[in-house]
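Below is one structure, written out as structure tokens, with a few remarks after it.
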Amino acid sequence: MAAVAESATPVLIVGGGPVGLAVAVELGWRGVPCLLIEQGDGTIADAKMFATGIRTVEFCRRWGFAEKVKDWGFPRDFPFDNVFVTTLIGHELGRIRLPTLAETRPPACSPEQHAHCPQFVFDPLLAEAARGFPCVTLRYRCRLESFREERDGVVADLHDLATDRHEPVRARYLVACDGFASTVRKTLGFEMSGRPVINRSANIMFRTANLAAIHDKGNAGRYVLIGAQGPWASLVPADGLTRWRLMVHGRADWDADSLDPREAVRRAAGRDFDFDILNVGNWTRRRMVADRYGRGRVFLAGDAVHVMPPNGGLGMNTGVGDAVDLGWKLAALHQGWGGQHLLDSYEAERRSVGVRACDEAVRNLERFSIKADYSHVIEDSAEGAATRAEIGRRLATVNRMAWDNPLNTHLGYRYDDSPICVPDGTPPPEPEDARVYTQTSHPGCRAPHAWLADGRSTLDLFGRNFTLLRFGRNAPDAAPLEAAAAARRMKLDVVMLDEPAIAELYERKLVLVRPDGHVAWRGDALPADALGLVDRVRGARAARVPN
Ligand SMILES: Cc1cc2nc3c(=O)[nH]c(=O)nc-3n(C[C@H](O)[C@H](O)[C@H](O)COP(=O)(O)OP(=O)(O)OC[C@H]3O[C@@H](n4cnc5c(N)ncnc54)[C@H](O)[C@@H]3O)c2cc1C
């Protein structure tokens, strides 16, 4: 086994799943050199993820490829209804009607909309975007074997699996996006707490020429298969043409290897038909969050720190949010204007978001498998019909929270405990319905979207730097804050908006928005200590500034 000379990179990203790739894109977009290593070759056999949430699509808009995520070839007239059935040719219990791509419009609170973009499309789009930045290097078939922390960085032992050579790489920061089994998390000794096994499942990818031709339920975004023991599987379209995924649920003690995949597909259809099995993958449904998200110069993101039931499609979307939060902070440190406490805010902000997503995913799982007496559900009898009507109505009602555009779940997370956001003493909105999202400039929240007169979204104003929005021609002078930012080499864009409806939406005359689009501070006048405010939001000090 040969060794090669040590090389160096500002940021080493371990893991080329969607979250590692998102970190690479975010850093590349900010011009920060980084090296991403992935032990696999980039092939995705099991399309785990389909539901690309609205916030993720907003990030893709900033990165420049939202259109590709929304419109990659999935048929635009394919309905996304959730249909509850005994089999495809059997009884229909209930239905949540959801629009086709052609019918879907962005909600009033966003310039974007959620997308159906499976991982076998989404990951390559991220990789393509990352490769487009000259400062980003992606290396496949390269594994992190170990690392050691030093005072000013990390030295990693990389194993090139193609050549079988080991290479030491020195990095100022290590970002571990190495999934649930994370080597890095284990090396750091961080525990995951929660429920290690909720149940076991199998994903069966199969291909058939025209599934809709063998049944009478019409195309749908999800068929939930219900038997005498309750919901046992769900069937979703992968490409809207020939590829489908059947997800079979077992109990916690189920041996998924005992599953006959062909028999399961036939059982779901209720009849035999021509199809080819493309892949079978077993996985465990968990709900776990790491106790720590980082230490020193090593940070973790994505499934390495939170795993949750896929119900509602929140896992990857939460990980992409981690990537964006970490990305601008690493860039600030790399560019020299980030303060010594800035990276501490990563765990303070993102861990509670991971817990929130896990809790919502578990609620979605409970919605999927509501407690009821299913024993008559497949019977052709009056009792069977009554059972189906009752269960169908309940399933359709509660599952709207998971799949009918739950905007508050995706957009309503906020950074209440952040040391770098400045609270103003007002309570944030607390909607009880996952689908109700109230835009607000409350510190720590996502800054609101509104269309500008020139056709851009307010969200298009944010990203590269901090942005101070001044509302109205008579808005307070921003010069003291500009001077303070310049003194700290923190780039600040000042934007005057003379649009009364947007001023009302933003609630204050001055709103300071971070590079990730979250509100750092708001007020009707600048604080007397503008330098203190700048130092707070760039993570140079933990002290509070007066609002
Ligand atoms: C059935 C199912 C459906 C899902 N559907 C959705 C959905 O619709 N929406 C959603 O948001 N989420 C969904 N999820 C969750 C989503 O798939 C995960 O949250 C997401 O894949 C996590 O991405 P990641 O990059 O953090 O980790 P992973 O995807 O696990 O990637 C980690 C990568 O790190 C690499 N790696 C590990 N160790 C090393 C090492 N030492 N050196 C180099 N490389 C290494 C691995 O090879 C792997 O490629 C679903 C999950 C499942 C199981």
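What follows is calculated from the coordinates using simple rules that are stated; it is not laboratory data. Being a predicted model, the structure only gives us computed values, none of them experimental. Neighbour counts are summed over all protein chains in view; Cβ atoms, including those assigned to glycine, are modelled from backbone coordinates with ideal geometry.
Which whole-angstrom value gives the distance between the alpha carbon centres of the range 47-102 and the range 372-435?
18 Å
Rounded to whole Hz and in sequence order, give me ³J(HN,Hα) for the range 514-527 from the Karplus expression 6.51 cos²θ - 1.76 cosθ + 1.60, θ = phi - 60°, writing x for Gly and Pro.
7, x, 8, x, 9, 6, 9, 7, 8, x, 9, 8, 5, x
Could you work out the percent of alpha carbon pairs in the range 1-48 separated by over 17 Å, rounded to a whole number? Walk me through the intermediate numbers first.
Numbers: 510 of 1128 pairs.
Beyond 17 Å sits 45 percent of the P(r) for the range 1-48.
Work out, step by step, the length gained on full extension between residue 254 and residue 43: first 0.36 nm times the residue separation, then minus their alpha carbon distance; give nm to one decimal.
Here the segment from residue 254 to residue 43 would lengthen by 73.2 nm.
Along the Cα→Cβ direction, 7 angstrom out, place labels at residue 404 and residue 262. What is the inter-label distance in nm?
4.1 nm
For the range 320-385, what class follows from the C-alpha gyration tensor (a ≥ b ≥ c being the square roots of its eigenvalues): rounded when a/c is under 1.5, otherwise prolate if a/b is larger than b/c, else oblate? The partial results should precede the final answer.
Numbers: a/c = 11.33, a/b = 4.85, b/c = 2.34.
In terms of gyration-tensor shape, prolate.
Express in nm, to one decimal, how much length is gained between residue 191 and residue 524 on full extension, taking 0.36 nm for each residue of separation and deducting their alpha carbon distance. Display every interim value, and only then the final one.
Details: separation 333, 0.36 × 333 = 119.88 nm, distance 4.40 nm.
Full-extension gain reported as 115.5 nm.
Averaged across orientations, what area in nm² does the convex hull of the alpha carbons in the range 105-199 project?
With every direction weighted equally, the projected area is 10.9 nm².
How many times 2.2 N^0.38 Å is the alpha carbon radius of gyration of the range 214-275?
Working: Rg = 12.1 Å, N = 62, 2.2 N^0.38 = 10.6 Å.
My calculation over the Cα atoms of the range 214-275 gives 1.15.
Out of all Cα-Cα pairs in the chain, roughly what percent, to the nearest whole number, are more than 29 Å apart?
The proportion of pairs with Cα distances above 29 Å equals 55 percent.
Per residue, how big is the convex hull of the range 274-410 when only Cα atoms are used? Give it in Å³. Numbers along the way, then the final one.
Numbers: hull volume 23.1 nm³, N = 137.
Considering the Cα atoms of the range 274-410, their hull volume per residue is 169 Å³.
Please report 416, 325, 524, 253 as a ranked list, fewest other C-beta atoms within 10 angstrom at the top and most at the bottom.
253, 524, 416, 325
Would you grab the residues whose amide H sits under 5 Å from the one on residue 48? Only those 5+ places off in sequence or on another chain, please, with H modelled 1.01 Å from N.
Amide H to amide H, under 5 Å and 5 or more residues apart or across chains, residue 48 pairs with 119.
Which aspartates and glutamates does residue 371 reach when only Cα atoms under 15 Å apart count, and residues fewer than 8 places away in its own chain are ignored?
390
How big is D, in µm² s⁻¹, for the range 355-496 by Stokes-Einstein at 37 °C and 0.692 mPa s if Rh is the Kirkwood radius over C-alpha pairs?
Details: Rh = 19.5 Å.
Result for D is 169 µm²/s.
In Å and on Cα atoms, what radius of gyration and Dmax does the range 434-547 show?
Over the range 434-547's Cα set, Rg and Dmax evaluate to 13.6, 43 Å.
Filter 70/491; 48/68; 48/217 down to the pairs with a C-alpha to C-alpha distance above 27 Å, please.
Violating the 27 Å limit, Cα to Cα: 70/491.
Need one number: % antiparallel among DSSP beta bridges in the chain, to the nearest 5.
70 percent
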